[in-house]
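The values are calculated or read from the model by the stated rules, or taken from the named source; none is laboratory data. Bear in mind that the values here come from a model prediction, so they are computed numbers and not experimental data. Cβ coordinates were reconstructed from backbone atoms using ideal geometry, including for glycine residues, and neighbour counts include every protein chain displayed.
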There are 2 protein chains.
Amino acid sequence: MDDLRWPKEAFIHPEGENKEEVRQLAESIMDKVLDYASSVTEYPPLPKESDFEIPSISGEGVSNRELIHQIQELIDCSMNPNHPRYIGHMDSIPTFVSCLGELVSTFLNNNMLSLEMSPFLSRLEVHVLEVIGQMFGYNEQAGGVMVSGGTLANLEALAVARNQAFSVMENGLTEIKGKPVIFASDVCHASIQKACMLLGLGTSAVISVKTNDHSKLDVHDLELQIERAYDQGKRPFAIVATAGTTVTGNIDPIFDISQLADKYQLWLHVDAAYGGALVFSDLERHRLKGIAQADSITFNPQKWMYIAKTCAMVLFKDRQVLEGDFRISAPYMNEVAFTNLGEINVQGTRHADIVKLWLSLQYIGLNGYQQLIDQGYRFTKIFTEEVRKRSFLVLQAEPETNICCFRGEPAYLPKEKWDDWNRELQQQLLDASHTFVSLPLYRGERWLRAVLLNPFTSRSQIQDIFKQVDIFYDHYLESK
Amino acid sequence: MDDLRWPKEAFIHPEGENKEEVRQLAESIMDKVLDYASSVTEYPPLPKESDFEIPSISGEGVSNRELIHQIQELIDCSMNPNHPRYIGHMDSIPTFVSCLGELVSTFLNNNMLSLEMSPFLSRLEVHVLEVIGQMFGYNEQAGGVMVSGGTLANLEALAVARNQAFSVMENGLTEIKGKPVIFASDVCHASIQKACMLLGLGTSAVISVKTNDHSKLDVHDLELQIERAYDQGKRPFAIVATAGTTVTGNIDPIFDISQLADKYQLWLHVDAAYGGALVFSDLERHRLKGIAQADSITFNPQKWMYIAKTCAMVLFKDRQVLEGDFRISAPYMNEVAFTNLGEINVQGTRHADIVKLWLSLQYIGLNGYQQLIDQGYRFTKIFTEEVRKRSFLVLQAEPETNICCFRGEPAYLPKEKWDDWNRELQQQLLDASHTFVSLPLYRGERWLRAVLLNPFTSRSQIQDIFKQVDIFYDHYLESK
């Protein structure tokens with residue numbers, strides 16, 4: 001090999017010439033992240049506005065010492081979802097093994113594009129997705145692919161549904177008579193609109209179905225909307241049910257929806273990005289009743305399965321639809337009996353997210369996951385009881401997962417001041433007790449949203465949060 | 001906190017209660033990957049067909065010891081792109097710092113969806129992409145987003161081009177009169193067809209432009225095709241130029257294409273997934289002449305910049321088009337002056353690929369990258385000279401990057417046997433000397449393709465490969 005012309009530890013020498021140096025650098029950086037992860041309560045859930053400046057990229061490269069310093073600054077300026085009082089979003093503390101699994105897959109740098117480039121990992125992905133499909137009630141005909149996030153999972157599912165309904169893979173939509181439409185509840189995830197925009201259907205292709213007071217799709221309105229669409233000459237082709245809505249975590253009545261999908265011969269997609277994890281709990285699985293009837297399912301282990309981002313998948317009841325209604329082959333690829341995963345995926349070259357999922361499943365085990373999910377329900381119940389105890393608080397919806405969405409409507413203030421009150425309470429919780437709840441705008445009002453996802457959030461911490469709420473409530477007018 | 005009900009090291013305790021145990025497990029796994037990465041020449045570039053069975057997922061979870069054992073088996077069964085004789089694909093040995101950067105971003109688990117969820121990293125991504133945009137000749141109006149792979153980058157670029165040309169974000173394509181079409185060379189990447197399929201344009205929306213003997217787009221044919229499309233009532237809206245074709249690494253004449261894009265008022269997208277790295281070399285940057293005129297550029301640091309997968313981006317000359325012709329807002333997101341990156345990205349929740357890119361740029365420095373690229377050219381020249389020395393070998397194209405595509409056409413065999421000869425040579429190189437070159441089917445024939453990407457591939461290794469080629473050539477008939 002020629003003389004090294006770049007920093008000595010830029011690459012690991014293939015025969016170990018710099019093994020000691022790289023080990024030292026690796027240990028220093030591993031120490032930084034382990035120190036952070038082992039003391040996350042010393043970091044606030046969200047960083048203070050910081051004066052960290054982005055250093056310009058140097059010609060010569062920085063020293064090991066400076067590199068480590070910059071990594072520490074990066075940690076200091078980041079969101080801290082590992083904090084047990086970070087209960088604001090579906091961003092979870094990652095399983096330790098998923099972080100280490102990511103390290104393994106990064107060093108291996110295999111490419112999920114083709115079997116040749118990931119001979120074991122491509123097969124592993126197919127296998128694990130079959131197993132998970134069976135947990136959803138699918139049979140051995142099912143299968144799917146992993147994608148980098150739930151938005152891509154929904155995109156792929158709706159692309160397949162569209163291609164199957166209208167045979168437009170080759171010629172596109174411009175010759176189609178009548179407007180293709182889908183139905184989804186008025187609180188479905190924004191990625192459904194995004195998918196329809198990308199797919200050339202336009203955001204107006206998503207027909208909104210009413211939801212009830214608990215953010216659950218109204219099946220009666222769904223049928224009305226389907227009938228109306230046909231009357232207007234539109235061309236319905238799919239229904240999206242949501243299992244775990246973004247703001248309140250509620251679950252659409254999947255079984256009833258599946259009956260309508262059957263009746264009208266529409267593709268049923270279940271966006272179970274969040275709620276899909278319930279198949280791992282014997283106690284809670286029933287909430288997804290009917291999901292086995294779905295033609296496709298989105299499920300993101302990066303949320304309630306605690307896998308480091310990204311880790312998401314789209315499953316199909318019939319794996320063959322990917323071959324017939326989606327596959328784009330690359331002419332330069334070698335043909336093998338195994339379908340290269342890049343040909344049946346919205347992505348091509350892809351990182352091996354399967355490693356961190358598989359190792360976490362192996363290590364934590366099915367029982368461990370069941371306990372994690374069941375614990376989330378216990379803490380949500382405790383949290384929700386605290387909300388109910390206070391007459392100045394209202395629940396947005398009856399919790400069905402581990403999300404509690406509530407807000408203050410204090411009688412001592414006129415209605416038009418309530419949003420401000422909740423905004424100030426959110427900030428007060430963050431400042432006074434390092435508790436982060438999010439503040440979604442929902443149906444025109446500000447709500448406080450707690451996602452009881454972190455396994456280290458405790459009963460006493462929840463009680464403490466409500467002490468802070470009470471203090472805020474009691475002293476609000478005085479402080480003005 | 002309740003009693004632990006899952007393995008003790010499933011999560012790092014937020015206050016360090018299991019710090020020593022997790023450190024031990026982390027060190028064991030780090031040792032495995034460092035041992036692998038420091039002795040990659042002991043692993044073949046591609047694994048032997050293995051009898052490794054996928055263990056079923058257990059209820060109880062496996063021990064630390066078993067976990068580490070399974071990681072070793074996984075390493076043993078994987079593709080080994082770190083081997084200096086793995087010269088078959090654009091899959092590079094990852095920079096050491098990109099692996100460690102991935103570790104950092106995984107533990108932090110920030111979400112590139114919104115500024116709230118990645119307060120520093122969202123800003124860092126915007127900054128670094130502006131800097132890289134300027135290296136391509138863009139001004140401060142430019143910007144872009146990172147996406148999980150080049151296929152998504154091409155998809156986003158063409159989505160924006162389509163939305164801008166036809167104003168179809170809301171209403172979709174079914175009302176459009178005339179077929180929207182784009183132009184790309186007959187050797188463009190399959191992701192262009194995939195993008196058109198996804199976008200509802202259909203794969204037939206890609207009009208193939210002839211290429212010359214060196215896989216470069218024929219500008220004269222491009223103009224003919226554009227004129228013909230208008231004559232047929234089609235609606236051209238974009239041209240895709242390729243900078244670094246998949247099989248031969250050649251670069252379309254971007255400047256001449258940009259003149260036609262101007263003349264016909266078409267969006268110019270440059271798929272510089274591979275060749276974009278040339279902006280880091282003073283010596284080679286000129287090969288991308290005209291790229292500053294492009295409306296959008298795909299660039300994948302996951303290839304020639306040696307960043308672990310995935311790391312890709314799409315850049316736009318005018319960042320405002322993302323706001324006007326692509327942005328889908330989530331109603332529950334808080335509005336801030338900074339546009340949340342999830343709203344202007346085909347993805348939503350997203351992993352922080354910026355960390356490994358930024359740390360690698362910082363550590364290796366601009367000069368280090370320049371030297372890496374220039375070294376690739378030197379070795380390609382050496383490799384190509386060896387091909388030219390042999391009358392039984394032919395070059396597919398004049399190399400313009402670090403790819404040499406060639407094949408044997410031995411006079412002692414009839415033409416119809418040449419494909420088999422090359423296939424057998426590929427296998428022989430792998431078996432006898434752990435050399436992996438790929439075997440693409442290109443224009444109906446099998447070729448051997450060497451990507452001189454690994455910085456540890458040496459002159460003597462190249463000479464050794466050709467010794468093997470000569471031995472194979474000399475003894476081929478005897479062995480039959």
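Overview of results
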| quantity | calculated |
| --- | --- |
| Subset of the range A:446-478 that is closer than 25 Å to A:H214 by Cβ, of a type in the set (A, V, I, L, M, F, W, C) and over 22 Å from the mean Cα position of the chain (by Cα) - its residue that is farthest from the other protein chains (Cβ to nearest Cβ) | A:V469 |
| Filter result (of a type in the set (S, T, Y) and within 12 Å of another protein chain (Cβ to nearest Cβ)) within the range B:391-445 | B:S438, B:Y442 |
| Enumeration of residues in the range A:112-147 that are under 28 Å from A:F255 (Cα atoms) and not hydrophobic (A, V, I, L, M, F, W, C) | A:H127, A:E130, A:G133, A:Q134, A:G137, A:Y138, A:N139, A:E140, A:Q141, A:G143, A:G144 |
| Some residue of the range B:23-30 being buried (at least 19 other Cβ atoms within 10 Å of the Cβ) and either out of contact with any helix residue (DSSP H, G or I) (no Cβ under 8 Å at 6 or more places or on another chain) or farther than 25 Å from B:F107 by Cβ (or both) | no |
| Odd one out for A:N454, checked against (1) free of Cβ contacts under 8 Å to residues at least 40 places away in the same chain; (2) of a type outside the set (V, I, T); (3) within 25 Å of A:S281 (Cβ to Cβ) | (1) |
| Residues of the range B:205-233 satisfying the condition of being closer than 19 Å to B:D271 by Cβ and within 14 Å of chain A (Cβ to nearest Cβ) | B:A205, B:V206, B:I207, B:S208, B:T211, B:S215 |
| The range A:317-333 - residue that is away from every other protein chain (no Cβ under 12 Å) and surrounded by fewer than 19 Cβ atoms within 10 Å (Cβ to Cβ) and, of those, farthest from the chain's Cα centre (by Cα) | A:G324 |
| Members of the range A:69-120 that are among the hydrophobic types (A, V, I, L, M, F, W, C) and farther than 22 Å from B:L25 by Cβ | A:L74, A:C77, A:M79, A:I87, A:M90, A:M112, A:L113, A:L115, A:M117, A:F120 |
| Residue list for the range B:440-459, filter: under 12 Å from B:G376 (Cα atoms) and part of a loop (DSSP other than H, G, I, E, B) | B:L452, B:L453, B:N454, B:P455, B:F456, B:T457, B:S458 |
| Flag if B:E400 is touching a strand residue (DSSP E or B) at 6+ places or on another chain (Cβ under 6 Å), surrounded by fewer than 18 Cβ atoms within 10 Å (Cβ to Cβ) and not aliphatic (A, V, I, L, M) | no |
| Residue check for A:R388: of a type in the set (K, R) and either within 14 Å of another protein chain (Cβ to nearest Cβ) or part of a loop (DSSP other than H, G, I, E, B) (or both) | no |
| Residue in the range B:285-305 that is in a loop (DSSP other than H, G, I, E, B), more than 10 Å from chain A (Cβ to nearest Cβ) and within 20 Å of A:V62 (Cα to Cα) present | yes |
| Options B:E73, B:E20, B:E15; residue that is within 13 Å of A:L359 (Cα to Cα) and among the charged types (D, E, K, R) | B:E73 |
| Filtered residues of the range A:58-89 (kept if in a loop (DSSP other than H, G, I, E, B) and crowded, with 23+ Cβ neighbours inside 10 Å) | A:S78, A:M79, A:N80, A:P81, A:N82, A:H83, A:R85, A:I87, A:G88, A:H89 |
| Checklist (1) farther than 18 Å from B:R459 by Cα; (2) more than 11 Å from chain A (Cβ to nearest Cβ); (3) without any contact (Cβ under 8 Å) to a residue 24 or more places away in the chain; (4) charged (D, E, K, R) applied to B:E343, failing item | (2) |
| Any pair with Cβ under 7 angstrom, 6 or more apart, that starts in the range B:5-20 at a residue that is closer than 15 Å to A:N454 by Cβ and ends at one that is among the acidic types (D, E) and not in a loop (DSSP other than H, G, I, E, B) | none |
| Residues of the range A:229-254 that turn out to be free of Cβ contacts under 8 Å to residues at least 40 places away in the same chain and either out of contact with any Leu (no Cβ under 8 Å at 6 or more places or on another chain) or not assigned by TED's automatic domain parsing to the domain that holds A:Q265 (or both), as a count | 3 |
| Restricting the range B:20-79 to residues that are within 7 Å of chain A (Cβ to nearest Cβ), in contact with a Lys or Arg (Cβ under 7 Å, 6 or more places away or on another chain) and not β-branched (V, I, T), the residue that is farthest from B:T457 (Cα to Cα) | B:L34 |
| Verdict on A:E409 being of a type in the set (D, E, K, R) and in contact with a His (Cβ under 8 Å, 6 or more places away or on another chain) | no |
| Entirely in the range A:148-250, the helices (runs of 4 or more DSSP H) that have 1 or more residues that are within 26 Å of B:A205 (Cβ to Cβ) | A:150-166, A:190-198 |
| Criterion violated by B:Y363 - all others in (1) more than 20 Å from the chain's Cα centre (by Cα); (2) away from chain A (no Cβ under 14 Å); (3) of a type outside the set (A, V, I, L, M, F, W, C) satisfied | (2) |
| Matching entry among B:V314, B:V346 (being out of contact with any Leu (no Cβ under 7 Å at 6 or more places or on another chain), among the hydrophobic types (A, V, I, L, M, F, W, C) and crowded, with 23+ Cβ neighbours inside 10 Å) | B:V314 |
| Search result, residues across the range A:108-122 that are under 25 Å from the mean Cα position of the chain (by Cα), part of a helix (DSSP H, G or I) and within 7 Å of chain B (Cβ to nearest Cβ) | A:L121 |
